[in-house]
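Shown next, in structure tokens, is the structure this report addresses.
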Amino acid sequence: MIAAPSRADNSIFGRTLLERLIISCQRAGIQRFYIATPPERRDEVYASLGSVKPGSSVVLVDRFEDLLGRPGSVDPSAGCIAFSGNVVFHRSQLEQIFADHAANPKRVLRMVSTDDDRSGEIAAGPLEELLARDALGSAPPARPEGDLPFALNGRPEDREEAELRLARSVRRESATKDAAMARLFDRKISWRISYLLARTKITPNQVTLANTALGMLLAWMFSIPSYGWRLAASLLFVLSITIDGVDGELARLQMSETSWGAKLDIITDNIVHVAVLIGIFVGCYRASLNPAYYYLTPLVLGGFALNALATYLAFQIRGADAEKWLTAVERWTGRDFAYLLAGFALINRLEWFAWGTAFGTYVFGLGLIWLTARRRRSPRDDGRIEPRGTAPEGA
């Protein structure tokens, strides 16, 4: 249930406030929407829906009480989530409310916005309880984590503040899955870049392709047997892995995530990894003229393929605690090795990195396969697919 926001048409990173609200809910699993708006505001609300099309799943009503007591009306005990005020939030906050609702399905849960006026609210519970003002008012509000939800209250700076808080939240949402160096350094830079780009017409796929071009340039720089060129390449590679997080952050801020974009990111990442590794081995050969690098190059590519297989198998794990396992795998397969590479380049010992990588990829790949096999034999893995976010049934 959405009490039509008074600022429904305000643009947040290129999408209206109302459109963002509905898309966030759809991605969290909500399938039916009722928007309460007086007849004189209906044209304004329709225009604010943006890409969302009204129909059987998005219905405008004069008041929420009309949902009860009529043929085809909503079951009064149905689980429901209600929004009021010009509230901006992150999908993870919906998932938090859904989890709390699943634990207490008959209880009303509230989350109040973090702005000074505290004028926005998200509430979940049985429909009849949400419509009873006494029940809603007596429910103590949950304490939000971070700067969201945030409500626009008519001040000129509210829209910019909402965008800034959304950008910061993307960094926090990624923290649990990032490797150590990415968490300490990369995200502190990438979210700021994403924040600036999200206010332009630049798309995530354009960022992905531009970073791929940078990666191919770095592969050529690594192949030059010169301390200065290879050190510069290693430092730029650290920059490249920082930018690698921007496309995903940008997609989330603009709400433009697609399966094709995710596949493009994975494909181009792997292409850059292979090119950089080949460039390093070529550079080591040209610097030393040691023919062993002829054999190490295909060896390391085989290890890279083994790692890809090991990661794929690891991500097939389902069942109890699968979320923790997948988060751990994402940390282990991060790109923190770029900092190690820069350290070897700084002391002019890239050949140590080359030899270590040639055999280390096999150790890592076989180790991950072994851990995955143990996990599959664990009674905690029941073969079921657990959804990452489950919405309450009903409106």
**OP:** Set the Förster distance to 56 Å, then compute FRET efficiency between Arg192 and Ser77 from the Cβ-Cβ distance, nearest 0.05.
**Re:** 0.75
Subject >> DSSP-defined antiparallel bridges as percent of all bridges, region 2-164, nearest 5 >> reply: 60
**OP:** Quick one: order Leu371, Leu346, Leu289 by neighbouring beta-carbon count within 10 Å, fewest to most.
**Re:** Leu289, Leu346, Leu371
Original post:
Separation between the Leu235 and Ser259 pseudo-spin-labels, each 7 Å from Cα along Cα→Cβ, expressed in nm?
Top reply: 4.3
**OP:** Would you please state the base-10 log of I(q)/I(0) at q = 0.09, 0.15, 0.17, 0.20 1/Å for region 223-339, with intensities from the Debye formula using one equal scatterer on every alpha carbon?
**Re:** -0.34, -0.86, -1.03, -1.26
Original post:
Shape of region 175-377 from its Cα gyration tensor (a ≥ b ≥ c, root eigenvalues): rounded if a/c is under 1.5, otherwise prolate when a/b > b/c, or oblate?
Top reply: oblate
Subject >> Hz values of 3J(HN,Hα) by residue in region 147-156 - Karplus curve (6.51, -1.76, 1.60), Gly and Pro given as x >> reply: 9, 10, x, 9, 10, 7, 10, x, 6, x
**OP:** Name the shape class, rounded, prolate or oblate, that the alpha-carbon gyration tensor gives for region 2-164, where a ≥ b ≥ c are the square roots of its eigenvalues, rounded holds for a/c under 1.5, and otherwise prolate holds if a/b is larger than b/c and oblate otherwise.
**Re:** oblate
Subject >> Within a Gaussian network of the chain (alpha carbon springs, distance under 10 Å), most fluctuating of Tyr46, Tyr227, Tyr295 >> reply: Tyr295
Original post:
Measuring from label point to label point, each 7 Å out along Cα→Cβ, what is the Glu44 to Leu313 span in nm?
Top reply: 6.0
**OP:** May I ask you to derive the FRET efficiency for Glu145 and Ala3 from their Cβ-Cβ distance with R0 = 30 Å, giving the value to the nearest 0.05?
**Re:** 0.80
Original post:
Using the Cα atoms of region 1-74 to build a convex hull, what is its mean projected area in square nanometres?
Top reply: 5.0
Original post:
For the pair Ala103 and Leu366, how long in nm is the line joining their label points, each one 7 Å along Cα→Cβ?
Top reply: 4.4
Original post:
Given Cα pairs under 8 Å that are at least 6 residues apart, what percent is the relative contact order of region 201-249?
Top reply: 50
Original post:
Want the number for Asp116 to Ala210: 0.36 nm per residue separation, take away the alpha-carbon distance, what's left?
Top reply: 29.8 nm
Subject >> the chain shape via C-alpha gyration tensor axes, a/c threshold 1.5 >> reply: prolate
**OP:** Using R₀ = 25 Å, calculate the FRET efficiency as 1/(1 + (r/R₀)^6) where r is the Cβ-Cβ separation of Thr200 and Trp332; round to 0.05.
**Re:** 0.15
Original post:
With no solvent and one point on each alpha carbon, what is the Debye value of log10 I(q)/I(0) for region 63-123 at q = 0.12, 0.19, 0.29 Å⁻¹?
Top reply: -0.37, -0.82, -1.19
Original post:
Which of the helices in the chain meet the span-like rule: DSSP H, Cα axial reach of 24 Å or more, Kyte-Doolittle mean at least -1.0?
Top reply: 204-222, 227-244, 259-288, 292-314, 350-377
Subject >> the chain - percent relative contact order, Cα under 8 Å, separation 6 or more >> reply: 18
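Each value in this text was obtained by applying a stated rule to the coordinates, not by laboratory testing. It should be emphasised that the depicted structure is a prediction, and the values quoted were computed from it without experimental measurement. Ideal geometry is used to build each Cβ from the backbone, glycine not excepted, and the neighbour counts take in all protein chains shown.
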